[in-house]
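Undergrad: Below is one structure. I have some questions about it.
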């Protein structure tokens, strides 16, 4: 590793998950600690994670940043504002990285010459959770079985980004997405428009352990609806009317195709009945992307 890497973990009132995430980063192997720094950006209204972070010991510098302004874009930008690395690695505070995670990300980035690389996510849910198989799949990220270039992109959690490819080196995330999320999708779309190259690091997986409040069918379906809204919202932000119409029509077709499947699966009580309902909600989101259907998942200060 010749370039300095900033490890960034945004967090908000998840002490147990944060402890797991940071412990996994401190235990990384196959990389030189001298080239690393860890930045924890706390988006609580009060600096609730400060004492824990400042008591943590690691073979590389650790910085604590308090960003009291609520919002997922705000907290990511706050971390980047103090980061010194040429490469930025993001891990969420409900994720756990195996010891070779960072080394695998770096190897893929160097092999592909990519501006951003993404790795798999393996969702985990406790025994006894209803619709467990669906929820574990919902919180997972799937991709190719080998390391390769990508024509598209994934979310920010479990990613490695070349800082020079960002449209703004210290504040690239759009605050307009603070409450709804999708700030990373918008950023990567901007990078793609500027010619950025994306890659997939098949070996660089992480585990994701959603908090109990998210391990419900109602929450997952609401997120599925919001994910469906993403392409239409992106076209709206670019004032791309043909694109909006195209995605809305695609949503109507998707809704029409999945509605009878959902009806049959739920009438029969099929074990996999949550999956077609997910697809139906994503179709509805493509069509109903405008207010008052906008979704809010982030940005609450307390």
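Undergrad: Give 159, 180 a once-over and let me know the one that is touching a strand residue (DSSP E or B) at 6+ places or on another chain (Cβ under 9 Å) and either under 27 Å from residue 85 (Cβ atoms) or surrounded by fewer than 21 Cβ atoms within 10 Å (Cβ to Cβ) (or both).
TA: Step by step, each of 159, 180 is checked, and only 159 is touching a strand residue (DSSP E or B) at 6+ places or on another chain (Cβ under 9 Å) and either under 27 Å from residue 85 (Cβ atoms) or surrounded by fewer than 21 Cβ atoms within 10 Å (Cβ to Cβ) (or both).
For (1) within 20 Å of residue 17 (Cα to Cα); (2) part of a helix (DSSP H, G or I); (3) not assigned by TED's automatic domain parsing to the domain that holds residue 174, each residue gets a yes or a no:
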| position | (1), (2), (3) |
| --- | --- |
| 40 | yes, no, no |
| 75 | yes, yes, no |
| 89 | yes, no, no |
| 92 | yes, no, no |
| 99 | yes, no, no |
| 110 | no, yes, no |
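Undergrad: Is the range 192-206 home to any residue that is in a helix (DSSP H, G or I) and over 21 Å from residue 104 (Cβ atoms)?
TA: yes
Undergrad: So which residues in the range 1-35 are touching a helix residue (DSSP H, G or I) at 6+ places or on another chain (Cβ under 8 Å), over 18 Å from residue 83 (Cβ atoms) and assigned to a loop (DSSP other than H, G, I, E, B), if there are any at all?
TA: Listed by number, the residues that qualify are 12, 29, 30.
Undergrad: Looking at residue 294, is it more than 21 Å from residue 139 (Cβ to Cβ), in contact with a helix residue (DSSP H, G or I) (Cβ under 8 Å, 6 or more places away or on another chain) and assigned to a loop (DSSP other than H, G, I, E, B)?
TA: When the stated conditions are applied, residue 294 passes them.
Undergrad: Would you check if residue 196 is surrounded by fewer than 21 Cβ atoms within 10 Å (Cβ to Cβ), in contact with a strand residue (DSSP E or B) (Cβ under 7 Å, 6 or more places away or on another chain), in contact (Cβ under 8 Å) with a residue 24 or more places away in the chain and on the phi < 0 side of the Ramachandran plot?
TA: For residue 196, the condition - surrounded by fewer than 21 Cβ atoms within 10 Å (Cβ to Cβ), in contact with a strand residue (DSSP E or B) (Cβ under 7 Å, 6 or more places away or on another chain), in contact (Cβ under 8 Å) with a residue 24 or more places away in the chain and on the phi < 0 side of the Ramachandran plot - is met.
Undergrad: Can I ask one more? From the list 256, 267, 236, which residue is farther than 17 Å from residue 134 by Cβ, surrounded by fewer than 19 Cβ atoms within 10 Å (Cβ to Cβ) and at pLDDT below 95?
TA: 236
Undergrad: Now for a different question. Regarding the range 48-69, can at least one residue be identified that is in contact with a helix residue (DSSP H, G or I) (Cβ under 8 Å, 6 or more places away or on another chain) and in contact (Cβ under 8 Å) with a residue 40 or more places away in the chain?
TA: The answer is no; no qualifying residue exists.
Undergrad: Given the residues 21, 49, 58, which is the only one that is farther than 28 Å from residue 164 by Cα, in contact with a strand residue (DSSP E or B) (Cβ under 7 Å, 6 or more places away or on another chain) and crowded, with 17+ Cβ neighbours inside 10 Å?
TA: 49
Undergrad: Let me ask you something else. Looking at the range 94-114 only, could you name the residues that are crowded, with 20+ Cβ neighbours inside 10 Å and within 11 Å of residue 149 (Cβ to Cβ)?
TA: 108, 114
The values are calculated or read from the model by the stated rules, or taken from the named source; none is laboratory data. Computed from a predicted structure; not experimentally measured. Heads up, the Cβs are rebuilt from the backbone with ideal geometry, glycines too, and the neighbour counts pull from every protein chain shown.
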